Amino acid sequence: MNKELEEPQMPLRPIPYSEWMDKDAYDEMGRRYESLLSEYRRLLSIKNDQIEGVSPSIDEDKEVYTVEEYEMLLRKYATARDKYNGKYDGMIETKEMVRANINRLMDAIEKYDLTHSSADLNIEEPAEFEDNPNDDLETFKDKMNEHLTALSDNAKTFSNAFAQQQKINHGIVTLQKELDGEISKFADIRDKVRAAQQAAFDAAIND
């Protein structure tokens with residue numbers, strides 16, 4: 001089954017508390033925001049690995065949903081998000097604030113790319129052990145220990161390089177996820193970014 005599923009929109013974040021705000025209402029808004037944020041993340045997880053026949057991969061340890069079940073959950077979430085936006089208008093992020101967040105994250109991603117070079121995983125392996133039948137036992141042991149030490153050092157070098165690359169990957173993925181969330185907050189921003197991404201992809205293909 002090939003179906004492009006709609007993604008949830010991240011909830012708009014409360015702005016910092018100010019004296020003109022009702023404290024009880026502000027606290028209630030904070031709880032509503034956290035609840036929406038939790039559901040937003042759950043829906044993303046469902047879309048990514050819990051929808052049979054559609055998700056890129058299926059997590060066997062989690063409940064599997066149909067497309068219809070996911071879309072029903074998405075509509076319910078969208079309704080709750082709209083009510084939240086309407087009730088707390090003036091106390092939550094504006095489109096201008098979200099645009100500023102997007103610009104900040106794009107700059108952070110660009111800076112991250114410039115300051116984090118990929119780790120070198122092309123680690124040359126030690127030469128194969130060569131057994132010389134003319135060696136005495138002590139010489140054989142020394143050569144074998146030397147070879148095993150070289151193998152161990154090589155494994156450690158690769159392991160350290162791999163861990164470094166994983167750390168770099170985690171950093172960029174974290175920033176990209178945050179950016180994707182910000183982009184999702186307003187439909188017109190999301191659609192404009194998607195159109196630009198598709199245009200860039202088409203240009204690269206046709207170049």
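Okay, here's what the table says:
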quantity: Close pairs from region 34-54: first touching a residue at least 24 places away in the same chain (Cβ under 8 Å), partner exposed (fewer than 13 other Cβ atoms within 10 Å of the Cβ) and of a type in the set (S, T, Y), Cβ under 8 Å, at least 6 apart; calculated: I51/T66
quantity: Test for D188: is it of a type outside the set (S, T, Y), touching a Lys or Arg at 6+ places or on another chain (Cβ under 9 Å) and without any contact (Cβ under 8 Å) to a residue 12 or more places away in the chain; calculated: yes
quantity: Pick from region 33-46, criterion out of contact with any strand residue (DSSP E or B) (no Cβ under 9 Å at 6 or more places or on another chain) and surrounded by 15 or more Cβ atoms within 10 Å (Cβ to Cβ), ranking: nearest to T79 (Cα to Cα); calculated: L36
quantity: Output for region 65-111, where each listed residue is in a loop (DSSP other than H, G, I, E, B), on the phi < 0 side of the Ramachandran plot and of a type outside the set (S, T, Y); calculated: D89, M91, E93
quantity: Of residues in region 83-110 being surrounded by 14 or more Cβ atoms within 10 Å (Cβ to Cβ) and of a type in the set (S, T, Y), the one nearest to V173 (Cα to Cα); calculated: Y84
quantity: Any hit, region 122-138, residues being touching a helix residue (DSSP H, G or I) at 6+ places or on another chain (Cβ under 6 Å) and aliphatic (A, V, I, L, M); calculated: yes
quantity: Test set (1) over 13 Å from E6 (Cβ atoms); (2) among the basic types (K, R); (3) assigned to a helix (DSSP H, G or I) - K62 fails condition number; calculated: (3)
quantity: Selected residue [modelled with pLDDT under 95, among the acidic types (D, E), surrounded by 12 or more Cβ atoms within 10 Å (Cβ to Cβ) and assigned by TED's automatic domain parsing to the domain that holds D180] from D113, D59; calculated: D113
quantity: Flag for I189 being within 30 Å of L12 (Cβ to Cβ) and of a type in the set (V, I, T); calculated: yes
quantity: Residues satisfying the stated conditions in region 169-207, i.e. surrounded by 14 or more Cβ atoms within 10 Å (Cβ to Cβ) and within 19 Å of Y40 (Cα to Cα); calculated: L175, E178, L179, D180, G181, E182, I183, S184, K185, F186, I189, R190
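The values are calculated or read from the model by the stated rules, or taken from the named source; none is laboratory data. None of these values were measured; they are calculated from a predicted model. No Cβ is skipped: glycine too gets one built from the backbone with ideal geometry, and neighbour counts run over all protein chains shown.
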